[in-house]
Amino acid sequence: MNRLLLIPLLATLGSSIANAETTNKERALQSKLVVKEFMGQLKGELQTAMKTGGPVNAINVCKEQAPVIAQNLSDKHGWKVARTSLKVRNPANAPDAWETSILKSFENRKLKGEKVKPMAHFETVKTAEGESFRFMKAIPTGKVCLACHGENINDSVAAKLKTSYPNDKATGFKAGDIRGAFSITQPIK
């Protein structure tokens, strides 16, 4: 191939890669803002529930309000907005193969000393439906989370969990563990 033809081709390829990286960074920033919105709404609902009825009342928020918040944000942005975990409480939140892989990588990153709170991952993935931008943000287990997700759950909370979630796997966590992650899928048109 003529060197003079190769130079513009390489420049175009380099520019395309740079544009894709910029676009992914922009999408990641947008995703972080949606996660922040999700966290803010969910935290507000949980705080109100905890004040009015303690952890037993908070279980209803996670069961009933969290899916509504996720759906409203999905509808608002035209993306799939969700929460998932390697240890799910609600089977409808089970991770897909990509999410499982990222959650496991989060666990490995934590083992290597990375802080959980800022931990995130994003990339463009190809599926049968086409290309999508995927983003995950780790959810650290806070002390307040332990009332429903910890190792020593009181009897009334345990009874409510058993009734609400007969196949619950989301217990046994310690403060600072990775409870799960927010997950966003943005279709690329």
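Values quoted throughout were computed directly from the atomic coordinates according to the rules given, and no laboratory measurement underlies them. This structure is a prediction, so every number in the text was calculated from the model and none was measured. Every residue, glycine among them, receives a Cβ derived from its backbone with ideal geometry; neighbour counts consider all protein chains shown.
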Checklist line | Residue of 176, 142, 53 that the Gaussian network model of the chain assigns the largest fluctuation, springs spanning Cα pairs under 10 Å | finding: 53
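Cross-link list 87/126; 51/137; 104/137: which exceed 18 angstrom alpha carbon to alpha carbon?
Details: 87/126 26 Å; 51/137 27 Å; 104/137 13 Å.
Distance filter (> 18 Å) returns 87/126; 51/137.
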Checklist line | Rg(Cα) / (2.2 N^0.38 Å) computed for the chain, rounded to two decimals | finding: 1.23
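When a/c reaches 1.5 or more, the comparison of a/b and b/c decides; with that in mind, is the range 56-148 rounded, prolate or oblate per its Cα gyration tensor? Spell out each step's value before the answer.
Details: a/c = 1.96, a/b = 1.10, b/c = 1.78.
Because a/c hits 1.5 or more and a/b fails to exceed b/c, the range 56-148 counts as oblate.
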Next item on the list: Within 10 Å of each residue's Cβ, count the other Cβ atoms and sort 163, 171 from fewest upward.
Entry: 163, 171
Item checked: Candidates 73, 111, 146: whichever shows maximal mean-square fluctuation once the chain is modelled as a Gaussian network with Cα springs under 10 Å -> 111
Notebook entry, point to check: On a 0 to 90 degree scale, rounded to 10, what angle separates helix 66-77 from the longest Cα axis of the chain?
Noted result: 30 degrees
Margin query: Given points 7 Å out from each Cα along the Cα-Cβ axis, report the residue 109 to residue 25 separation in nanometres with one decimal.
Written below: 1.7 nm
Margin query: Whole-Hz ³J(HN,Hα) for each residue in the range 137-144, computed from phi via Karplus 6.51 cos²θ - 1.76 cosθ + 1.60 with θ = phi - 60°, x for glycine and proline: what do you get?
Written below: 10, 4, 10, x, 7, x, 4, 5
Item checked: At most 16 other Cβ within 10 Å, DSSP loop - GluC sites (Glu not before Pro), the range 81-189 -> 114, 129, 151
Next item on the list: Return one number: the angle in degrees, 0 to 90 and rounded to the nearest 10, between the long axis of the Cα atoms of helix 155-164 and the longest principal axis of the Cα atoms of the chain.
Entry: 60 degrees
